[in-house]
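Since the structure comes first, as structure tokens, the remarks are kept for the end.
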Amino acid sequence: MERHSSARPRIPLIAGNWKMYKTSAEGAAFIDDLAARVRGVTGRDIVVAPPFTGLAGAVRAAAGRGIQVAAQDVYWEDEGAFTGEVSPGMLTDLGVTCVIIGHSERRQIFGETDEDVRKKVHAALHHGLLPIMCVGETEAEREAGQTEEVLARQLAHGLVTLQSEDAGRMAVAYEPIWAIGTGKTATPEIAQQAIGFIRRQLAEGAGEAAAESVRILYGGSVRPDNIDELMAQPDIDGVLVGGASLKADSFARIVAFEAG
Ligand code: PEP
């Protein structure tokens, strides 16, 4: 069955972040299953993000099936004495096309800073990788009324070197930390409000045209039963999905969202 989304200004992007789950063989088998389930679903970009060890197998499994492969992180240098790190060129060499940058788990568990995020976004763009830059507030920040301040700071730091012509080659993911892996999804209205704010910030920093071409995703407990109402919001251009991207049936339903 062919399913098209109606006149959206930006192609929806549905990305699954597998975090530290799935061996290479499990990832390839998942992609086989997913590809069969989403055959005929058009008008959206489908991305899966395995751990580093699963990237090569995922690229092989995804070839020719309309599924792209993302890394979950990248370092900004091209090469050198950086034990444990992976460069942008190493990713593109494998056929990886996107990279998640500044996920809240990287920021909170591994101490990544806004400056690290900026360097990674810049390096990814320079190497032709589509960065999916994550931003989002904690529960305490939301309760203290600081959501917009936090988002503005993360965007200003992360994108300070963004050229307006790069805007269409990147995505921002709004991931309120209180909604990640908690089952507490932001309401579509809260997600739209924050994402609308992000787009206005981008317009101020990089111009209207750039802001209109950046895809802004929502992430945080996205599931088959809430995807359609999220995707019905005018500024939500896609989703970054954790838990529900680990099972082919639930991720396929999210990919096949039905919203205007
Ligand atoms: C994520 O890790 O980016 C995420 C949104 O996770 P979950 O969907 O499980 O909340």
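The values are calculated or read from the model by the stated rules, or taken from the named source; none is laboratory data. If you're wondering where the values come from, they're calculated on a predicted model, not measured in any experiment. Here Cβ is always computed from backbone atoms with ideal geometry, including for glycine, and neighbour counts include all displayed protein chains. Ligands, DNA and RNA are stripped out before the accessible areas are found, and what is left, the full protein with its side chains, is counted by its heavy atoms. Shrake-Rupley method; radii C 1.70, N 1.55, O 1.52, S 1.80 Å.
Below, the figures for the structure above:
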{"item": "Vicinal HN-Hα couplings computed from phi for the range 68-78 (Karplus, 6.51 cos²θ - 1.76 cosθ + 1.60; Hz; Gly/Pro x)", "result": "9, 10, 10, 8, 8, 5, 7, 9, 8, 7, 6"}
{"item": "Inter-label distance, nm, simple model (7 Å from Cα along the C-beta direction), ALA63/GLU143", "result": "5.2 nm"}
{"item": "Theoretical FRET efficiency, 1/(1+(r/R0)^6), r = Cβ-Cβ of PHE82 and HIS157, R0 30 Å, to 0.05", "result": "0.85"}
{"item": "Accessible heavy-atom area order of ASP237, ASP33, highest first, probe of 1.4 Å", "result": "ASP33, ASP237"}
{"item": "Cα centroid separation, the range 185-251 to the range 32-60 (Å)", "result": "20 Å"}
{"item": "Surrounding net charge for ALA206, when Lys and Arg each add one and Asp and Glu each subtract one, Cβ distance under 11 Å", "result": "-4"}
{"item": "Built amide H within the under 5 Å cut-off of GLY238, gap 5+", "result": "LEU13, TYR218"}
{"item": "For the range 224-234, Karplus couplings with θ = phi - 60° (6.51, -1.76, 1.60), whole Hz, Gly/Pro x", "result": "x, 8, 10, 5, 5, 6, 5, 6, 7, 6, x"}
{"item": "Under 16 Å from the Cα of LYS184 - lysines, other chains or at least 8 residues apart", "result": "none"}
{"item": "Protein accessible area in the range 13-255, 1.4 Å probe - carbon and sulfur %", "result": "51 percent"}
{"item": "Kirkwood hydrodynamic radius of the chain, Cα pairs, Å", "result": "18.1 Å"}
{"item": "For the chain: relative contact order, % (alpha-carbon pairs under 8 angstrom, 6 or more apart)", "result": "21 percent"}
